[in-house]
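Novice: Dropping a structure here in structure tokens format, bear with me for questions.
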């Protein structure tokens, strides 16, 4: 393990951001995006015709919740909730995609399913119902199940019913996917891209104003889809922005859904964040979040510095906003609503 940590130091970031002007940045961006699509397996995925059906519609307190099913690859289906605010009909509204992380039961926590006791506990612990928080502010909110979570958990999982409901099979999927040239990271990113394809067809959604927000693994999904798809106009990443060596190599007990072959040889997390520039990006970090790594905020700030360079090069320095709050691993959200209202 010590030897692998040392190896990181001399093979990492071979495609890291080194641009000094906008032209060099755009050339770098094209090369790195292509490489990331390749190593994640996104370049191997095929899109079926856009097949999406509504399964249910429920009136909630202050908003409507629809459940839909979208075919993202041939014979691969993603359930998701759409939270619709109580606004006048026939109005195109700004959109926020709200992917979840671990310990969420998939879409159920962001969508505020506090009627399920285990989900209610997760909402209380992590402030996890950010989808409901946003629909109450007038946004159209889409809460999908990532592969391996919620209704997409695999049937081979062990444990009692509540354990299985709140956990995931994403680690198992990544073990199966990598030898086939695929990754869970790529699958998740592709599915969100397909969700955007569907959002663009809805008459109640403003396709020019699509944002993405997420906590932890939801931050991971937000980072990747925003970095690789310019249709996302702004993003909020919570509890997932730090140097790979400390937070995923040394802390190798983290879920294997984080791991992509050859990724660390190519870039660090700040470089992926740099692909988002100049679009507005907010990162929120708990100063006591154990996922920050041994150096804590120093490990986070090292990646903020990399991403900030891209924003500086493009003359949009203020479009990258890093908010540090006192606390551990959770969705803070203190400044998210005013920031979204400004940028989306």
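Novice: Kindly state, as a whole number, the per residue volume in cubic angstrom of the convex hull around the alpha carbon atoms of segment 103-194.
Specialist: On the way: hull volume 9.3 nm³, N = 92.
In segment 103-194, the Cα hull volume divided by residue count equals 101 Å³.
Novice: If packing is taken as the average count of other Cβ atoms within 10 Å, what order do 113-122, 279-288 fall into, highest mean first? Before the final figure, lay out the partial values.
Specialist: Working: 113-122: 16.9, 279-288: 21.5.
The packing order, highest mean first, is 279-288, 113-122.
Novice: Work out, step by step, the length gained on full extension between residue 298 and residue 61: first 0.36 nm times the residue separation, then minus their alpha carbon distance; give nm to one decimal. Show your work: numbers first, answer last.
Specialist: On the way: separation 237, 0.36 × 237 = 85.32 nm, distance 4.23 nm.
Gain on stretching residue 298 to residue 61: 81.1 nm.
Novice: Now, a different point. With a ≥ b ≥ c the root eigenvalues of the C-alpha gyration tensor of segment 2-343, is it rounded (a/c under 1.5), prolate (a/b larger than b/c) or oblate?
Specialist: rounded
Novice: Please express the shape of segment 35-176 as an equivalent ellipsoid: the semi-axes are the square roots of 5 times the eigenvalues of the C-alpha gyration tensor, given largest first in whole angstrom. The partial results should precede the final answer.
Specialist: Details: eigenvalues 131, 91, 36 Å².
The three semi-axes for segment 35-176 are 26, 21, 13 Å.
Novice: Also: So what's the Cα pair-distance distribution over segment 1-110, bin width 10 Å, in %?
Specialist: 10, 22, 27, 23, 14, 4, 0
Novice: Would you give the gap between the C-alpha center of segment 273-344 and the C-alpha center of segment 105-129, rounded to a whole Å?
Specialist: 24
Novice: How fast does segment 112-153 diffuse by Stokes-Einstein, in µm²/s, taking the Kirkwood radius from C-alpha pairs at 4 °C and 1.567 mPa s? Walk me through the numbers before you get to the answer.
Specialist: Values: Rh = 11.3 Å.
So the translational diffusion coefficient is about 115 µm²/s.
Novice: If you don't mind, there's one more thing I want to ask. Treating the Cα atoms of segment 172-257 as identical point scatterers in vacuum, please give the log10 of the normalised Debye intensity I(q)/I(0) at q = 0.25 Å⁻¹, two decimals.
Specialist: The Debye formula, applied to the Cα set alone, gives -1.26.
Novice: Can you compute the FRET efficiency between residue 328 and residue 2 using 1/(1 + (r/R0)^6), with r the Cβ-Cβ distance and R0 = 30 Å? Round to the nearest 0.05. Kindly include the intermediate steps, with their values, before the conclusion.
Specialist: Details: r = 28 Å, r/R0 = 0.94.
For residue 328 and residue 2, the calculated efficiency is 0.60.
Novice: Further, regarding this structure: Kindly rank 47-55, 10-18 from highest to lowest mean number of other beta carbons found within 10 Å of each residue. Mind dumping the intermediate values first?
Specialist: Working: 47-55: 11.4, 10-18: 14.1.
Taking the mean over residues of other Cβ atoms within 10 Å, the ranking is 10-18, 47-55.
Novice: Now for a separate question. Can you pull the semi-axes for segment 224-344, root of five times each eigenvalue of the Cα gyration tensor, sorted largest first, whole Å?
Specialist: On the way: eigenvalues 98, 64, 33 Å².
Output for segment 224-344: semi-axes of 22, 18, 13 Å.
Any read-out appearing in this document is the output of simple, stated calculations on the displayed coordinates, not a laboratory observation. These figures come from a predicted structure and were not determined experimentally. We place every Cβ from the backbone using ideal geometry, glycine too, and count neighbours over all the protein chains shown.
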